[in-house]
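The values are calculated or read from the model by the stated rules, or taken from the named source; none is laboratory data. As the structure is a prediction and not an experimental result, all values here were calculated from the model. Because the Cβ atoms are built from the backbone with ideal geometry, glycine has one as well, and the counts that use them run over all protein chains shown. Note: accessible area is taken over every heavy atom of the protein model, side chains too, but ligands, DNA and RNA are not part of it. Shrake-Rupley method; radii C 1.70, N 1.55, O 1.52, S 1.80 Å.
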Amino acid sequence: MKRSILIGICALLGVVPASAQTYVVEGLYRDQAKASENDPGASLMSRLDISAAFGDTEKEIMLPNGTEVQLLSDQARRMVKVQYEGETWWMDARELRFAESNPPGTVDVLAGLDFSPAPMEMHLADDTVAYANTMERGTAEWAFLHSLVPPVLILLLVAALAVLLWRAAPDEFHAGMTPLRRLALWLAPVLMLAVAALEAWYLLRMGGESYWWCSLYYYSKWGTALRWVPYALVVIAQWYAFAHFYMLLNNVVRKTTVTGRIWMVGLTVAAVAVGCVLAFVLHPDWAESQTLDEAVAWTRSWALYAVVLGLVFPIIYMCVKLRNPLLGVLAGAAAWAFMVVSVWLSVLFLAASWTMLKAILIPLLAIVMVVVFTMFLSRFKTVKTGTRRVTTRTVDDDGHVVSESTTYHDVTHTEFK
(Lines give C-alpha, C1' and ligand atoms only; values in the text may rest on other atoms or scores of the structure.)
Protein backbone atom coordinates (compact mmCIF):
# COMPACT_ATOMS: atom_id res chain seq x y z
CA MET A 1 0.00 0.00 0.00
CA LYS A 2 2.76 2.41 0.94
CA ARG A 3 4.59 1.57 -2.26
CA SER A 4 1.50 2.36 -4.34
CA ILE A 5 1.05 5.71 -2.59
CA LEU A 6 4.72 6.57 -3.15
CA ILE A 7 4.48 5.69 -6.85
CA GLY A 8 1.37 7.84 -7.17
CA ILE A 9 3.03 10.82 -5.49
CA CYS A 10 6.09 10.53 -7.75
CA ALA A 11 3.89 10.33 -10.83
CA LEU A 12 1.94 13.39 -9.71
CA LEU A 13 5.13 15.36 -9.10
CA GLY A 14 6.36 14.38 -12.54
CA VAL A 15 3.16 15.49 -14.25
CA VAL A 16 2.55 18.81 -12.53
CA PRO A 17 5.65 20.64 -13.76
CA ALA A 18 5.12 19.42 -17.32
CA SER A 19 1.41 20.26 -17.47
CA ALA A 20 1.40 23.65 -15.77
CA GLN A 21 3.88 25.58 -17.90
CA THR A 22 2.30 28.97 -18.46
CA TYR A 23 3.97 31.65 -20.54
CA VAL A 24 3.17 35.31 -21.07
CA VAL A 25 3.18 36.87 -24.55
CA GLU A 26 5.88 39.54 -24.91
CA GLY A 27 6.41 40.74 -28.48
CA LEU A 28 9.92 41.47 -29.68
CA TYR A 29 9.17 44.56 -31.74
CA ARG A 30 5.49 45.31 -31.09
CA ASP A 31 2.89 45.21 -28.34
CA GLN A 32 1.55 41.92 -29.74
CA ALA A 33 2.79 38.60 -31.10
CA LYS A 34 1.61 36.37 -33.92
CA ALA A 35 0.27 32.84 -33.45
CA SER A 36 0.04 30.65 -36.57
CA GLU A 37 -2.13 27.65 -37.25
CA ASN A 38 0.85 25.76 -38.72
CA ASP A 39 4.56 25.71 -38.06
CA PRO A 40 5.89 28.68 -40.13
CA GLY A 41 9.07 26.75 -40.92
CA ALA A 42 7.18 23.71 -42.21
CA SER A 43 4.67 25.80 -44.18
CA LEU A 44 7.24 28.03 -45.87
CA MET A 45 6.41 26.80 -49.36
CA SER A 46 2.73 27.48 -48.81
CA ARG A 47 3.58 31.18 -48.62
CA LEU A 48 4.76 31.02 -52.24
CA ASP A 49 1.47 29.56 -53.45
CA ILE A 50 -0.31 31.65 -56.10
CA SER A 51 -3.47 31.44 -54.02
CA ALA A 52 -1.74 33.90 -51.68
CA ALA A 53 -2.65 36.56 -54.24
CA PHE A 54 -6.30 36.22 -53.29
CA GLY A 55 -6.02 35.57 -49.55
CA ASP A 56 -3.95 34.11 -46.73
CA THR A 57 -3.16 30.43 -46.92
CA GLU A 58 -3.25 29.78 -43.17
CA LYS A 59 -5.05 31.04 -40.12
CA GLU A 60 -3.25 33.51 -37.88
CA ILE A 61 -4.18 35.54 -34.82
CA MET A 62 -2.47 38.36 -32.95
CA LEU A 63 -2.13 38.00 -29.18
CA PRO A 64 -1.62 41.21 -27.14
CA ASN A 65 1.31 41.41 -24.76
CA GLY A 66 0.42 39.98 -21.37
CA THR A 67 -1.77 37.18 -22.76
CA GLU A 68 -1.15 33.85 -21.02
CA VAL A 69 -0.74 30.65 -23.06
CA GLN A 70 0.01 27.05 -22.13
CA LEU A 71 3.18 25.49 -23.57
CA LEU A 72 2.63 22.13 -25.28
CA SER A 73 6.20 21.54 -26.47
CA ASP A 74 8.53 19.46 -24.33
CA GLN A 75 11.82 20.81 -25.70
CA ALA A 76 13.43 24.17 -26.31
CA ARG A 77 13.38 25.28 -29.96
CA ARG A 78 12.72 28.44 -31.95
CA MET A 79 9.08 27.68 -32.83
CA VAL A 80 6.97 26.09 -30.08
CA LYS A 81 3.40 24.79 -29.87
CA VAL A 82 1.09 26.51 -27.40
CA GLN A 83 -2.56 26.33 -26.40
CA TYR A 84 -4.79 29.40 -26.22
CA GLU A 85 -8.52 29.25 -25.47
CA GLY A 86 -8.63 25.55 -26.27
CA GLU A 87 -6.92 25.87 -29.68
CA THR A 88 -3.39 24.91 -30.69
CA TRP A 89 -1.04 27.49 -32.19
CA TRP A 90 2.61 27.89 -33.17
CA MET A 91 4.57 30.84 -31.76
CA ASP A 92 8.11 32.18 -31.71
CA ALA A 93 9.65 31.10 -28.38
CA ARG A 94 11.47 34.44 -28.16
CA GLU A 95 8.10 36.17 -27.78
CA LEU A 96 7.18 34.14 -24.71
CA ARG A 97 8.20 34.85 -21.11
CA PHE A 98 7.94 32.37 -18.24
CA ALA A 99 4.91 33.44 -16.18
CA GLU A 100 5.23 34.20 -12.51
CA SER A 101 1.88 32.50 -11.94
CA ASN A 102 3.48 29.06 -12.45
CA PRO A 103 3.40 26.96 -9.26
CA PRO A 104 6.70 26.38 -7.41
CA GLY A 105 8.80 23.65 -8.96
CA THR A 106 7.55 24.21 -12.52
CA VAL A 107 10.30 23.69 -15.06
CA ASP A 108 10.97 26.48 -17.56
CA VAL A 109 11.52 24.44 -20.72
CA LEU A 110 12.68 27.48 -22.67
CA ALA A 111 15.24 28.57 -20.08
CA GLY A 112 18.14 27.07 -22.03
CA LEU A 113 17.21 28.65 -25.34
CA ASP A 114 19.58 31.34 -26.64
CA PHE A 115 17.37 34.32 -27.42
CA SER A 116 20.17 36.28 -29.10
CA PRO A 117 19.15 37.52 -32.58
CA ALA A 118 22.42 36.26 -34.09
CA PRO A 119 23.92 33.66 -31.71
CA MET A 120 27.50 32.87 -32.64
CA GLU A 121 30.65 31.69 -30.87
CA MET A 122 34.25 31.59 -32.04
CA HIS A 123 36.57 29.00 -30.46
CA LEU A 124 40.35 29.03 -30.53
CA ALA A 125 42.60 25.99 -30.81
CA ASP A 126 42.72 25.54 -27.02
CA ASP A 127 38.89 25.48 -26.94
CA THR A 128 38.54 28.91 -25.36
CA VAL A 129 35.82 31.25 -26.60
CA ALA A 130 37.41 34.22 -28.33
CA TYR A 131 34.13 35.93 -29.18
CA ALA A 132 30.55 35.21 -28.23
CA ASN A 133 27.77 37.13 -29.96
CA THR A 134 25.15 36.68 -27.26
CA MET A 135 22.68 39.29 -26.07
CA GLU A 136 20.70 39.05 -22.85
CA ARG A 137 17.06 40.03 -23.04
CA GLY A 138 16.05 42.92 -20.83
CA THR A 139 19.37 44.77 -21.09
CA ALA A 140 19.75 48.32 -22.37
CA GLU A 141 21.48 47.03 -25.51
CA TRP A 142 18.59 44.65 -26.20
CA ALA A 143 16.01 47.43 -25.82
CA PHE A 144 18.03 49.80 -28.01
CA LEU A 145 18.72 47.37 -30.86
CA HIS A 146 15.15 46.02 -30.88
CA SER A 147 13.74 49.51 -31.38
CA LEU A 148 13.52 51.78 -34.42
CA VAL A 149 16.19 54.12 -33.03
CA PRO A 150 19.21 52.51 -34.80
CA PRO A 151 17.57 52.33 -38.26
CA VAL A 152 16.27 55.90 -37.98
CA LEU A 153 19.65 57.15 -36.75
CA ILE A 154 21.39 55.40 -39.66
CA LEU A 155 18.88 56.92 -42.07
CA LEU A 156 19.56 60.44 -40.74
CA LEU A 157 23.35 60.04 -40.82
CA VAL A 158 23.34 58.65 -44.37
CA ALA A 159 20.96 61.39 -45.51
CA ALA A 160 23.22 64.07 -44.00
CA LEU A 161 26.27 62.51 -45.67
CA ALA A 162 24.56 62.27 -49.07
CA VAL A 163 23.32 65.88 -48.91
CA LEU A 164 26.77 67.13 -47.86
CA LEU A 165 28.53 65.38 -50.75
CA TRP A 166 25.78 66.41 -53.17
CA ARG A 167 26.20 70.07 -52.26
CA ALA A 168 30.00 69.84 -52.28
CA ALA A 169 30.24 67.89 -55.53
CA PRO A 170 32.31 69.75 -58.14
CA ASP A 171 30.85 70.65 -61.52
CA GLU A 172 32.26 71.89 -64.80
CA PHE A 173 31.76 75.54 -63.82
CA HIS A 174 33.12 75.40 -60.26
CA ALA A 175 35.86 72.78 -60.14
CA GLY A 176 38.14 74.46 -57.60
CA MET A 177 38.35 74.23 -53.84
CA THR A 178 35.63 76.03 -51.86
CA PRO A 179 35.01 76.33 -48.11
CA LEU A 180 32.18 73.78 -48.35
CA ARG A 181 34.41 71.29 -50.18
CA ARG A 182 37.23 71.81 -47.71
CA LEU A 183 34.74 71.10 -44.91
CA ALA A 184 33.42 68.06 -46.76
CA LEU A 185 36.95 66.59 -47.05
CA TRP A 186 37.08 66.38 -43.24
CA LEU A 187 33.42 66.02 -42.26
CA ALA A 188 32.47 63.35 -44.82
CA PRO A 189 35.03 60.79 -43.53
CA VAL A 190 33.84 61.40 -39.97
CA LEU A 191 30.22 60.76 -40.98
CA MET A 192 31.27 57.71 -42.98
CA LEU A 193 33.09 56.24 -39.98
CA ALA A 194 30.09 56.97 -37.75
CA VAL A 195 27.74 55.22 -40.19
CA ALA A 196 30.14 52.28 -40.60
CA ALA A 197 30.55 51.83 -36.84
CA LEU A 198 26.82 52.02 -36.12
CA GLU A 199 25.89 49.69 -38.99
CA ALA A 200 28.63 47.19 -38.17
CA TRP A 201 27.49 47.04 -34.55
CA TYR A 202 23.83 46.69 -35.54
CA LEU A 203 24.38 44.12 -38.29
CA LEU A 204 26.79 42.04 -36.22
CA ARG A 205 24.54 41.91 -33.18
CA MET A 206 21.22 41.51 -34.99
CA GLY A 207 22.28 39.27 -37.88
CA GLY A 208 19.34 38.14 -40.00
CA GLU A 209 16.97 40.13 -37.76
CA SER A 210 18.59 43.37 -38.97
CA TYR A 211 15.65 43.99 -41.31
CA TRP A 212 12.87 42.83 -39.01
CA TRP A 213 10.64 45.70 -40.19
CA CYS A 214 10.62 44.02 -43.65
CA SER A 215 9.69 40.60 -42.30
CA LEU A 216 6.42 38.93 -43.26
CA TYR A 217 6.43 37.23 -39.89
CA TYR A 218 5.96 40.51 -38.03
CA TYR A 219 4.00 42.62 -40.54
CA SER A 220 1.41 42.30 -43.27
CA LYS A 221 2.22 42.19 -46.96
CA TRP A 222 1.64 45.87 -47.64
CA GLY A 223 3.23 46.84 -44.33
CA THR A 224 6.34 44.93 -45.37
CA ALA A 225 6.44 46.68 -48.74
CA LEU A 226 6.07 50.14 -47.17
CA ARG A 227 8.89 49.48 -44.73
CA TRP A 228 11.08 48.24 -47.55
CA VAL A 229 11.14 51.71 -49.17
CA PRO A 230 13.29 53.53 -46.55
CA TYR A 231 15.63 50.54 -46.48
CA ALA A 232 16.10 50.87 -50.25
CA LEU A 233 16.71 54.62 -49.89
CA VAL A 234 19.47 54.04 -47.32
CA VAL A 235 21.26 51.51 -49.56
CA ILE A 236 21.02 53.80 -52.60
CA ALA A 237 22.14 56.85 -50.60
CA GLN A 238 25.16 54.99 -49.21
CA TRP A 239 26.47 54.00 -52.64
CA TYR A 240 25.68 57.50 -53.91
CA ALA A 241 27.74 58.99 -51.08
CA PHE A 242 30.57 56.52 -51.66
CA ALA A 243 30.78 57.41 -55.37
CA HIS A 244 30.55 61.16 -54.77
CA PHE A 245 33.23 61.04 -52.10
CA TYR A 246 35.70 59.71 -54.67
CA MET A 247 34.41 62.22 -57.23
CA LEU A 248 35.17 64.97 -54.75
CA LEU A 249 38.71 63.67 -54.23
CA ASN A 250 39.44 63.18 -57.92
CA ASN A 251 38.13 66.56 -59.03
CA VAL A 252 39.11 68.87 -56.19
CA VAL A 253 42.40 67.55 -54.85
CA ARG A 254 45.55 68.18 -56.86
CA LYS A 255 46.57 65.52 -59.35
CA THR A 256 48.89 62.80 -58.09
CA THR A 257 52.43 63.17 -59.41
CA VAL A 258 54.46 60.38 -60.99
CA THR A 259 56.56 60.12 -57.85
CA GLY A 260 53.40 59.84 -55.79
CA ARG A 261 52.12 57.01 -57.97
CA ILE A 262 55.40 55.14 -57.61
CA TRP A 263 55.26 55.46 -53.84
CA MET A 264 51.64 54.35 -53.82
CA VAL A 265 52.37 51.24 -55.89
CA GLY A 266 55.47 50.44 -53.86
CA LEU A 267 53.73 50.77 -50.52
CA THR A 268 50.80 48.70 -51.80
CA VAL A 269 53.18 45.89 -52.76
CA ALA A 270 54.73 46.21 -49.31
CA ALA A 271 51.27 45.91 -47.75
CA VAL A 272 50.63 42.70 -49.70
CA ALA A 273 53.99 41.33 -48.57
CA VAL A 274 53.26 42.17 -44.94
CA GLY A 275 49.90 40.44 -45.17
CA CYS A 276 51.49 37.29 -46.62
CA VAL A 277 54.17 37.26 -43.93
CA LEU A 278 51.53 37.59 -41.23
CA ALA A 279 49.61 34.66 -42.72
CA PHE A 280 52.68 32.42 -42.67
CA VAL A 281 53.79 33.56 -39.20
CA LEU A 282 50.42 32.91 -37.57
CA HIS A 283 50.17 29.46 -39.12
CA PRO A 284 53.49 28.30 -40.64
CA ASP A 285 52.44 24.67 -41.22
CA TRP A 286 49.55 25.61 -43.51
CA ALA A 287 50.64 23.18 -46.22
CA GLU A 288 50.34 20.27 -43.78
CA SER A 289 46.87 21.16 -42.53
CA GLN A 290 44.98 17.95 -41.91
CA THR A 291 42.35 18.79 -39.32
CA LEU A 292 39.47 21.22 -39.37
CA ASP A 293 41.03 23.33 -36.59
CA GLU A 294 44.21 23.76 -38.63
CA ALA A 295 42.23 24.77 -41.68
CA VAL A 296 40.22 27.27 -39.63
CA ALA A 297 43.41 28.72 -38.16
CA TRP A 298 44.86 29.17 -41.63
CA THR A 299 41.62 30.78 -42.81
CA ARG A 300 41.83 33.26 -39.92
CA SER A 301 45.40 34.07 -40.98
CA TRP A 302 44.29 34.85 -44.50
CA ALA A 303 41.37 36.85 -43.14
CA LEU A 304 43.82 38.99 -41.21
CA TYR A 305 45.88 39.32 -44.38
CA ALA A 306 42.81 40.52 -46.28
CA VAL A 307 42.01 43.05 -43.56
CA VAL A 308 45.55 44.40 -43.57
CA LEU A 309 45.63 44.66 -47.35
CA GLY A 310 42.13 46.06 -47.57
CA LEU A 311 42.78 48.73 -44.94
CA VAL A 312 46.34 49.67 -45.88
CA PHE A 313 45.71 50.16 -49.57
CA PRO A 314 43.07 52.93 -49.33
CA ILE A 315 45.02 54.63 -46.54
CA ILE A 316 48.15 54.68 -48.70
CA TYR A 317 46.15 55.91 -51.66
CA MET A 318 44.52 58.69 -49.65
CA CYS A 319 47.78 59.79 -48.06
CA VAL A 320 49.43 60.09 -51.47
CA LYS A 321 46.38 61.70 -53.03
CA LEU A 322 45.68 64.21 -50.29
CA ARG A 323 49.31 64.84 -49.28
CA ASN A 324 48.09 65.09 -45.72
CA PRO A 325 48.87 62.06 -43.50
CA LEU A 326 46.15 62.77 -40.94
CA LEU A 327 43.45 63.39 -43.53
CA GLY A 328 44.76 60.47 -45.61
CA VAL A 329 44.45 58.00 -42.74
CA LEU A 330 41.01 59.34 -41.85
CA ALA A 331 39.71 59.25 -45.42
CA GLY A 332 41.28 55.86 -46.22
CA ALA A 333 39.93 54.14 -43.11
CA ALA A 334 36.51 55.74 -43.67
CA ALA A 335 36.36 54.66 -47.32
CA TRP A 336 37.37 51.08 -46.49
CA ALA A 337 34.95 50.68 -43.57
CA PHE A 338 32.12 52.41 -45.42
CA MET A 339 32.54 50.15 -48.45
CA VAL A 340 32.58 46.99 -46.28
CA VAL A 341 29.36 47.84 -44.44
CA SER A 342 27.74 48.99 -47.69
CA VAL A 343 28.38 45.60 -49.27
CA TRP A 344 27.16 43.88 -46.11
CA LEU A 345 24.04 46.03 -46.02
CA SER A 346 23.37 45.40 -49.71
CA VAL A 347 23.45 41.63 -49.22
CA LEU A 348 20.86 41.86 -46.45
CA PHE A 349 18.90 44.28 -48.61
CA LEU A 350 18.65 41.61 -51.29
CA ALA A 351 17.27 39.22 -48.67
CA ALA A 352 14.75 41.85 -47.58
CA SER A 353 13.85 42.46 -51.22
CA TRP A 354 13.13 38.75 -51.65
CA THR A 355 10.79 39.02 -48.67
CA MET A 356 9.08 41.97 -50.33
CA LEU A 357 8.97 40.00 -53.57
CA LYS A 358 7.12 37.17 -51.87
CA ALA A 359 4.80 39.64 -50.17
CA ILE A 360 3.76 41.82 -53.10
CA LEU A 361 5.21 41.06 -56.51
CA ILE A 362 4.34 37.36 -56.72
CA PRO A 363 0.64 37.96 -55.90
CA LEU A 364 0.57 40.92 -58.30
CA LEU A 365 2.28 38.84 -60.97
CA ALA A 366 -0.34 36.14 -60.56
CA ILE A 367 -3.13 38.69 -61.01
CA VAL A 368 -1.41 40.25 -64.04
CA MET A 369 -1.00 36.81 -65.64
CA VAL A 370 -4.72 36.10 -65.18
CA VAL A 371 -5.65 39.48 -66.71
CA VAL A 372 -3.25 39.05 -69.65
CA PHE A 373 -4.48 35.52 -70.32
CA THR A 374 -8.10 36.74 -70.26
CA MET A 375 -7.29 39.58 -72.67
CA PHE A 376 -5.42 37.15 -74.92
CA LEU A 377 -8.43 34.82 -75.11
CA SER A 378 -10.71 37.76 -75.91
CA ARG A 379 -8.69 38.42 -79.06
CA PHE A 380 -9.99 35.23 -80.67
CA LYS A 381 -13.34 35.14 -82.53
CA THR A 382 -15.41 32.43 -84.21
CA VAL A 383 -16.15 32.95 -87.94
CA LYS A 384 -18.89 31.09 -89.94
CA THR A 385 -17.61 29.69 -93.24
CA GLY A 386 -20.55 27.59 -94.45
CA THR A 387 -23.26 25.00 -93.69
CA ARG A 388 -22.92 21.26 -93.46
CA ARG A 389 -25.89 18.91 -94.03
CA VAL A 390 -26.06 15.75 -91.93
CA THR A 391 -28.60 12.99 -92.85
CA THR A 392 -29.47 10.33 -90.28
CA ARG A 393 -31.28 7.10 -91.35
CA THR A 394 -32.74 4.30 -89.27
CA VAL A 395 -32.83 0.81 -90.84
CA ASP A 396 -34.42 -2.46 -89.71
CA ASP A 397 -32.89 -5.95 -89.60
CA ASP A 398 -33.60 -6.48 -93.29
CA GLY A 399 -31.80 -3.29 -94.30
CA HIS A 400 -34.90 -1.29 -95.16
CA VAL A 401 -34.95 2.45 -94.26
CA VAL A 402 -37.45 3.01 -91.52
CA SER A 403 -36.93 6.74 -90.97
CA GLU A 404 -34.75 9.51 -92.26
CA SER A 405 -33.91 12.97 -90.86
CA THR A 406 -31.72 15.80 -92.13
CA THR A 407 -30.03 18.46 -89.99
CA TYR A 408 -27.87 21.44 -90.91
CA HIS A 409 -24.78 22.56 -88.92
CA ASP A 410 -22.77 25.74 -89.23
CA VAL A 411 -19.13 25.27 -90.21
CA THR A 412 -16.91 27.68 -88.23
CA HIS A 413 -13.24 28.34 -87.45
CA THR A 414 -11.43 30.47 -84.90
CA GLU A 415 -9.22 33.37 -85.96
CA PHE A 416 -7.23 36.10 -84.15
CA LYS A 417 -8.74 39.58 -84.23
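With the condition kept exactly as written, say whether any residue in the range 250-270 is modelled with pLDDT under 80, farther than 30 Å from residue 186 by Cβ and either open to solvent by less than 70 Å² (accessible area, probe 1.4 Å) or part of a helix (DSSP H, G or I) (or both). No: the range 250-270 contains no residue that is modelled with pLDDT under 80, farther than 30 Å from residue 186 by Cβ and either open to solvent by less than 70 Å² (accessible area, probe 1.4 Å) or part of a helix (DSSP H, G or I) (or both). Among the residues making up the range 106-135, a single one is acidic (Asp, Glu) and at pLDDT 80 or above: 108. Taking each residue of the range 76-87 that is closer than 14 Å to residue 34 by Cα and modelled with pLDDT of 85 or more and looking for partners that are part of a loop (DSSP other than H, G, I, E, B) and open to solvent by less than 60 Å² (accessible area, probe 1.4 Å) with beta-carbon atoms closer than 9 Å, six or more apart or interchain, yields 80/73; 81/39; 81/73; 82/73; 84/67. Checked across the range 384-402, the condition of being of a type in the set (D, E, K, R), in contact with a Lys or Arg (Cβ under 9 Å, 6 or more places away or on another chain) and either surrounded by fewer than 11 Cβ atoms within 10 Å (Cβ to Cβ) or modelled with pLDDT under 75 (or both) holds for no residue.
Selection of helices (runs of 4 or more DSSP H) fully inside the range 138-218 by the criterion of at least 2 residues being closer than 24 Å to residue 314 by Cα and open to solvent by 20 Å² or more (accessible area, probe 1.4 Å) returns 149-168, 179-206.
Could you tell me whether the range 236-243 includes any residue that is at pLDDT 80 or above and open to solvent by 80 Å² or more (accessible area, probe 1.4 Å)? Scanning the range 236-243, I find at least one residue that is at pLDDT 80 or above and open to solvent by 80 Å² or more (accessible area, probe 1.4 Å), so the answer is yes. Here residue 226 fits the description: open to solvent by 60 Å² or more (accessible area, probe 1.4 Å) and closer than 30 Å to residue 60 by Cα. Checking each residue in the range 97-120 for being surrounded by 14 or more Cβ atoms within 10 Å (Cβ to Cβ) and not in a loop (DSSP other than H, G, I, E, B) picks out 97, 98, 109, 110.
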